[in-house]
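See below for the structure under consideration.
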Amino acid sequence: MSPLKLKMANLLDSYVNPYFAQRWNFFAPTPPTFDIVLFARGRYLDPDTAEIKDSEWVDVSDTLIDALRKNRLTSLFHAELSLSNALVHFANHFRKDARTFLEKDGKKYLPAEIPADVDPADMTVMRRTAIADLEITYPKITFTSVQLGIMIYTLPRFSERRKGLTEDPAALTFVAWQPAEWVPPYCCYSWPNPSHRLRPLWREP
Amino acid sequence: MSGGASLRDWLAEVRRFASVKHRTIALSVLRIFIGSTLLVYYSQHIFQREYLWGNTGLEPFSLFQQIMLSRHGFSLYLLSPSSLYQAAVFYVGLVVTITFTVGYRTRISSILFYLFTWSLFQRNIFLLTGGDNLIYLLAFFLMFADCGGHFSTDATSGRSRTQSGPFVAMVHNYAVLAIIVQLSLVYLTSAFYKMQGALWQNGTALYYVLRLSEFNLSPFAHHFYDSETVAKLLTWGTVIFEMSWPFLIWNRRTKPFVALGAVLMHSMIGYFMGLVWFSFVFIGAQVVIFKDSELISYAARVREAAGAARASLVALMPRARVGASGIAVAVLRRRKTPPAA
């Protein structure tokens with residue numbers, strides 16, 4: 001790039017960002033071909049037995065998507081949107097951080113657990129959404145720490161579009177336990193049967 | 001000599017054109033669409049305020065500060081971390097949005113609306129969609145335009161001045177042009193981005209979008225990709241529509257079809273993908289492609305059609321023997337004719 005072009009680009013950038021930001025690449029050039037799902041569980045001190053226990057895993061993503069599926073005008077739309085935006089940004093950041101993959105025989109693998117300080121901004125949103133969800137699921141429990149699980153499901157190719165979504169994730173990783181600060185739970189959503197969103201625990205790493 | 005005179009005439013014509021405010025009805029409708037969207041956000045978020053916008057919610061104040069610093073951004077919410085102050089800015093923003101939407105002192109309320117909307121959106125950038133991006137861009141241009149000339153308290157109370165100086169009118173017209181250019185930019189850049197992608201080129205992109213769990217909200221969505229032909233037509237149709245929008249809006253005959261196409265496309269996005277408010281804003285923005293005279297003519301046609309439909313309904317009612325219902329009885333009384341035996 002020539003110095004003039006560089007100067008013009010900087011000038012244009014300082015004009016456009018942030019007040020006239022133009023982000024119109026809706027699902028372009030390539031729409032995502034995978035689903036990212038956030039799971040979480042909390043750790044707490046059981047007052048009856050004085051033991052430290054872990055809760056069941058909760059599907060944080062599905063809680064909010066289901067609210068939207070039932071009512072397109074739900075006030076939880078923005079809660080769902082923030083989680084989705086954070087997950088997509090996190091996935092983009094994830095690939096650039098050397099701590100989030102292992103290399104063996106020229107292939108890249110996800111480690112069983114990644115540090116909690118990968119992409120702190122998006123991690124904060126993901127963690128806080130998870131804590132709010134756990135607080136709603138277990139209203140009588142005060143969590144001391146929280147662990148996130150990230151599952152990536154590859155969508156069936158177009159030629160296999162009549163197939164259902166696979167139950168097995170293409171990739172699965174856990175985030176190291178993080179302190180669970182109190183988050184005001186989101187409102188206006190009740191589950192007829194809270195147990196149906198607790199999935200059986202998959203094999204621990 | 002005659003060439004010079006015709007140039008002078010042409011310039012005079014341009015001056016006359018520029019010194020009259022154009023598309024004031026369209027901008028008033030746009031004001032209502034944008035204001036209503038924000039009004040819904042504010043009212044829905046009263047019970048989620050602390051979670052979505054508060055210091056103990058999704059984005060703690062320290063993270064908000066960091067993000068603002070890195071973006072060189074500004075927000076009224078940045079001025080104090082006090083919870084009371086944050087709540088005050090939120091509720092003042094709600095009041096400002098109401099005044100803007102109803103068109104009360106629009107000149108001032110449009111400036112305040114931009115300030116408070118921008119500040120709110122910056123408070124948690126994780127919550128934004130493309131529709132919100134469009135809202136704050138259009139709200140910026142609306143500050144310079146007369147968007148309270150119709151359907152507003154300003155108009156009913158006579159505060160809105162239809163006649164104004166040539167400079168004010170010119171600024172208004174520039175704002176209108178900027179809004180149209182902005183919308184063209186949205187559709188054109190979106191189409192160009194899409195054309196670069198292999199999945200958009202082979203016509204399967206829409207399938208992948210609708211298959212994502214967060215956008216796969218309707219049990220009918222599979223009808224759009226079960227058939228390869230339908231999937232390809234819709235994928236390519238989206239790109240072609242976005243590509244042609246900036247060109248077809250200038251023709252009197254094609255622009256109603258462009259607007260109808262946009263309403264259809266955005267309604268489908270709203271229902272199938274759950275992006276209701278994104279779609280609402282984009283549908284509302286279509287109004288700026290119409291001149292005031294065109295909107296008046298459409299409204300007259302709609303009134304005419306509604307009148308004809310009402311008349312034919314009234315004519316049918318006695319024959320349908322629905323006199324037992326209150327409506328039919330009222331209609332018959334007004335017509336002062338006994339019901340047919």
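Bear in mind these aren't lab numbers, they're just calculated from the coordinates by the rules spelled out. This is a predicted model, so every value here is computed, not measured. As a convention, Cβ positions derive from the backbone with ideal geometry for all residues, glycine included, and neighbour counts pool all protein chains shown.
Data table
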item: Inter-label distance, nm, simple model (7 Å from Cα along the C-beta direction), B:SER36/B:ARG107; result: 2.8
item: Dimensions in Å of segment A:24-182 - Rg and Dmax from alpha carbons; result: 17.0, 55
item: GNM result for chain B, Cα springs below 10 Å: residue of B:THR117, B:THR24, B:THR204 fluctuating most strongly; result: B:THR204
item: Separation in nanometres of the label points that stand 7 Å from Cα toward Cβ, at B:TYR298 and A:GLU56; result: 5.2
item: Convex hull volume per residue in cubic angstrom - Cα atoms of segment B:185-314; result: 146
item: Rounded to whole Å, sorted largest first: equivalent-ellipsoid semi-axes of segment B:221-274, Cα gyration tensor; result: 24, 13, 8
item: Semi-axis lengths (Å, descending) of the ellipsoid that matches the C-alpha gyration tensor of the protein assembly as shown; result: 46, 31, 27
item: Value of Rg to Rh for segment B:22-163 (Rh from inverse mean 1/r over Cα pairs, i.e. Kirkwood); result: 1.01
item: Contour excess over end-to-end distance, with Cα ends at B:LEU260 and B:THR153 and 0.36 nm allotted per residue; result: 35.6 nm
item: Over chain B, equivalent-ellipsoid semi-axes from the Cα gyration tensor in Å; result: 36, 31, 28
item: Euclidean distance of C-alpha centroids, segment B:243-316 and segment B:131-149, integer Å; result: 20
item: For chain B: lysine pairs under 22 Å (alpha-carbon distance), excluding those fewer than 8 apart on one chain; result: 4
item: Per-pair calculated FRET efficiency, R0 = 30 Å: A:ALA21 and B:TYR91 via Cβ, rounded to 0.05; result: 0.65
